[in-house]
Structure formats: structure tokens, C-alpha cells
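Asks: Before I ask anything, here is the structure I am working with.
The values are calculated or read from the model by the stated rules, or taken from the named source; none is laboratory data. Given the structure is predicted, the values throughout are model-derived calculations rather than measurements. For the accessible areas, the whole protein counts, side chains as well, though only heavy atoms, and no ligand, DNA or RNA atoms are used. Shrake-Rupley method; radii C 1.70, N 1.55, O 1.52, S 1.80 Å.
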Amino acid sequence: MPKDAAVEEFARFVRALKARDGRSYEALGRRLNVSASTLHRYCSGATVPEEFGVVDRLASLCGADEEERRSLEAAWTRADRTRRPPAPEAAPVSTSAPGPDPGPAPAAAREPAPEPAPAPRPDSRPAPRTAPEPEARSGPAPAREAVSGSEPAPVPEAVSGREAAHGPELAPVHARVPGLPSERRRRWGWPAVVGGALAVVGAMTLGAVLLPGKARERAAEPPVPPPLTWTVSSHLWKNGCGHTYLVERTPPPPPEAADARSWATARGAVHGGETLVRVSVQGKGAAAVVLQALHVRVVERDAPLPWAGYRMDDGCGGAVTPRRFEVDLDRPRPVARALDGYDASGQEGRTLPAVSFPYAVSLTEPEELLVSAATATCDCRWYLELEWSSEGRRGTVRIGDEDGRPFRTSGAKGRPVYGYDSVERTWITGGESGQGG
């Protein structure tokens, strides 16, 4: 099978397993102990794993049966051969019987047979060109001596006639390689020794360069997204009407509750005394996501703002008090306490049980968290942190306002407060705010 065809066949097997499982490259890569980019290269045919073990684990995770695993192993074996150098071919050996003697060759075609080199004797060797003994020489200097002169270099007695026939370049060098058996002396020379040393140094240098690069590649991989999503509303009014904003300058008339966010953002208004936040949480898939806990993180504390308060309404009642989480931002370590709600719309009314952790959400079963955070002594910036777990994974998501910034609540106690007179169409004083949270 051609090289490219073998690799593509293996890649098709891997892509089919990944598609059957349905998990992302990141999720499968964590189970296989490989990066998402490595698994993607297996699926695209850009590379073939060095061991079948990682492919076998993938097959097991994706529910492959024995026949599929055998086919996968055969495809991996064919693809693996493509990245190995071919074995050297042996010279063909003739087994046919010798034919008749063709007779003497023409004189022009015959070449004189080389005469065997005579065994050298000590008294017949030419004198060496340099005075120092061989032991005193180091490095490739002997090889340079042998090729620089016009006379052939001396051949030691220990060198065979075959080595002598190779010429003056190799025989003296082989004879001077210390500590090697005679067979290795015949195969190795100083160029090979020096080349091998340079190859080792080069491999070590390349490893030093590439390994930090691999570490950077792993660090640069994006974090795995959580298996849940959420939406935030942070400009809610209690029972749909009662709320106070602190504003530096006298604002225009109060908006409808649905337009509260744009009204407050345009004027730099800050929640006075209390912030109501609704978080709608939903899973991204069929697998359940267990919400483990809800935490509050205050990231900045300042003195309460010296601005006047403006009430959106004089207050209103409601038949339903929703269950919620209550947060006291003035505590050193604020916690979210779950509170019961109450529904007074019926004849007898009924209690709405508080939300208790842990509980699960999914794509078809979302959940809403209503958080009431209050302060009297600080201008606080804060986040919510929601712990989750799903399918062996755990994590925490940080939840801020609609723009991703921290929520902001400032104490309003003792500040002048104004209400809006819809008849006169003007803000009128309403005394001092007693709302601290």
C-alpha cells in the first residue's frame, strides 16, 4: 500500500472513533494523556503515534469491539511502517548452474588482474614524515599528514592488505584509534568519530531548544470551557418597582424597570444600599452539571459614595417573595445564605423552599439564582463564583455584571434621598435614606 494511502487509512479509523464518541479533542486528549493538538494531528493524518497503546486506549474509550480494534491495529502497523527507513536489500545470490566456458575474452576486454599487495616488512617501509611518535598525536592530524604529501603513507604491520588497498587516507587513521577492536578500526575513522560526537551535541542542543517550545505550546493551549452557560441581570428592582440609585448629578425622570440598565449606565449611577442579581444557569449538553456552591468575592472596598439617592418608586408590595441568596457585603468574608421565599397569592399562602447545594442543571433543566447583596459601610465591588462538577471534571466560573465587570454596591445610609413627583414632573426631597443594605 502506498505511504500516503496507509496513513490516510489509519487517520480515517481515528476520525471515525472520535466522531462516534462525540467528545471534543480536549476532553478525549485528557483521557489519553495527550494534548488536543496531538490528537488532531492523528485524526488529520499529519502524524502517526509511535506506540499503538494510545490508539488502543482511544478505541476502548470510544466503545470499539474486538474486530474493530484488530482492524485499527493493522491500519496503525501499515501506517507506522511508512515513517521507518527501508531495510537495506541484500545482494542477490545466483543459484543457477554454471554455464559453458565462453572461452577467452578478446584482448581489448580483458583487464589485468591486480597483483596482491606484498606483505610489508619493517625494513621496506618509508620513513615517517614527522618525528613525533603516534602516541603523541591527537585529533585528525595524522589524516592530514597522509594526504598532504606525494609519497604514500606507511602501512602498519597490523593492517591487512584489504586496508592497504583503500589508500593512504584510511589505513593510518584506523590504526591510531585507541581502545577499539580491530574490526571497528576497519570500519571507523576519525571523521566518523567526530561526526558522531557532533551529532550527540546537536541532538542535546535541539532538545534544549524544542522542549521549552513544547512546554510553551502546552501552556498556550486554551483552557477547556466549562460545560455550562449563564446569563446575568443586575439591574433588578425589588418586586419590580422599589429601588434606589446613587447619582452624582440630578438625573432625568426614572425609567421603566426594563430600561433600568441603560438609564443607570448613561448616568454612572450606582446601586444604593442593595443590589439584586439574577443568574440563569443552564448546561450545554444532556449530561448533568452539579452546582456545588456559590461564593462571594469582594475585590475592592472604598468609603460609601457621597452622592444623593434617587428612588425609582415610593415602594410597592408584591404577592410573591422569591427564594434567594442573601449577602452581607459588610462582613469581612461575605457568604451567600439561602433564604426561603413566600407566595401569598393563594388563600393560605405557601413557603418556597430555599435553594440548597448541591443540585444539578442540564440543557433542558436550567435554574435561576436570585442574589440580594447589601451594604451600609462601603462602596464595594464584588463577584460571584459558582463551583461546578460534571463527568469527572470540576471547576469554578466567575460571574460579573452584564459587561463582565464586578458588581458595584454603595452604602446609602444618611444620604439625602429624592422621589419623583409624576404630577409636577420633578424630583422632591424625601428625607434621608435609612437603607444600608
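Asks: For region 243-401, what does the accessible surface come to per residue with a 1.4 Å probe? Please give it in Å².
Replies: On a per-residue basis, region 243-401 sits at 51 Å².
Asks: Return P(r) of region 1-53 (all Cα-Cα pairs; 5 Å bins starting at 0; whole %; ordered from short to long distances).
Replies: 4, 21, 29, 29, 11, 5, 1
Asks: Tell me, what is a quarter of the convex hull surface for the C-alpha atoms of region 256-333, in nm² with one decimal?
Replies: 8.7 nm²
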